[in-house]
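Student: Take this structure, written in structure tokens, and hold onto it; I'll ask about it next.
The values are calculated or read from the model by the stated rules, or taken from the named source; none is laboratory data. Bear in mind that the values here come from a model prediction, so they are computed numbers and not experimental data. As a convention, Cβ positions derive from the backbone with ideal geometry for all residues, glycine included, and neighbour counts pool all protein chains shown. Ligands, DNA and RNA are stripped out before the accessible areas are found, and what is left, the full protein with its side chains, is counted by its heavy atoms. Shrake-Rupley method; radii C 1.70, N 1.55, O 1.52, S 1.80 Å.
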Amino acid sequence: MATAVPVERDAVAEAFPGPVREAELPGAVVHRTRGGTDVLAAGVGPALAAASTAAALAAAALDGRPYGLVVSAGIAGGFAPHAPLGSLVVADEITAADLGAETADGFLPVTDLGFGTVTHRPPETLVRAAATASGARTGTVLTVSTVTGTAARADALRARHPRALAEAMEGFGVAEAAAAHGVPVLEVRAVSNPVGPRDRAAWRIGDALAALTEGFGKLALVLESWNRHDHR
């Protein structure tokens, strides 16, 4: 079983066509497709994404049909020139970029403070298979609670995370919930805007959603056939 957690559920539903049944959970609605993939519009931000994903994971486990994979999917800002508008990114690292403390000497991630983690790593075999099937770039996808709106902030993030290709707002929350249930996670993002000075006129949300839909069409077989027990 796989569950997709997209910003725009239609992109995933198109890749898994057929009748859709709705199941209401506390604070969330799961859309169950004929192929066995559940689709959840998890909301904006890491906290709501974590809560919604945890609710879906718990409900599935209690129902005797636990998920084998969680996919966080949606649009993102891309770090130019590494992830241009309309490109697809598959995360090999899902990192909380602003979880920590500001100090006089700079930012300290929460791990340096002796608490928790800031990075989840999806299964390498799945990342490779997903990137090969979809033509996506692979690298770090950052999770932020505040969208970057200045060149200085973009440069600071890139300096701390030189492998970062994109920033979004949900992936780390989804990954935290999946990890708590011992379920692997994958993050797939289509780039809708450059990371840097905020310019809504430069956003291409429609193009990004089209790229995400096309990407999921190519990923469907990979996601349906992947078995974590075959790739330990």
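Student: Helix-only mean residue ellipticity at 222 nm, the chain, DSSP H runs n ≥ 4 weighted -39,500 (n - 2.57), per residue, nearest 500. What is it?
Tutor: -10500 deg cm²/dmol
Student: Another one. Using per-residue counts of other Cβ atoms within 10 Å, averaged over each peptide, order 98-109, 53-64, 170-181 from highest down. Each step should come with its number before you reach the end.
Tutor: Details: 98-109: 12.5, 53-64: 17.2, 170-181: 25.0.
Peptide ranking by packing, descending: 170-181, 53-64, 98-109.
Student: Could you please report the charge total around Gly139, scoring K, R as +1 and D, E as -1 over all other residues with beta-carbon less than 10 angstrom from its beta-carbon?
Tutor: On the way: positive: Arg137, Arg163; negative: Asp92, Glu93.
Here the count lands on 0.
Student: Follow-up question, since we're still on this one. Report the local net charge at Ala51: Lys and Arg +1, Asp and Glu -1, summed over other residues whose C-beta lies under 14 Å from its C-beta.
Tutor: For residues surrounding Ala51, the net value is -2.
Student: Percent relative contact order of region 104-232, based on C-alpha pairs within less than 8 angstrom and at least six residues apart?
Tutor: That works out to 27 percent.
Student: Shifting gears a bit: Relative contact order for the chain: what is it in percent, counting Cα pairs under 8 Å that are at least 6 residues apart?
Tutor: Relative contact order comes out at 28 percent.
Student: For region 88-201, which whole-number percentage of the solvent-accessible area (1.4 Å probe, protein heavy atoms only) is attributable to carbon and sulfur atoms?
Tutor: About 54 percent, which is the carbon plus sulfur part of the accessible surface.
Student: Also: Rounded to the nearest Å, what's the spacing between the alpha carbon centres of region 100-138 and region 61-75? Just the number, please.
Tutor: 20 Å
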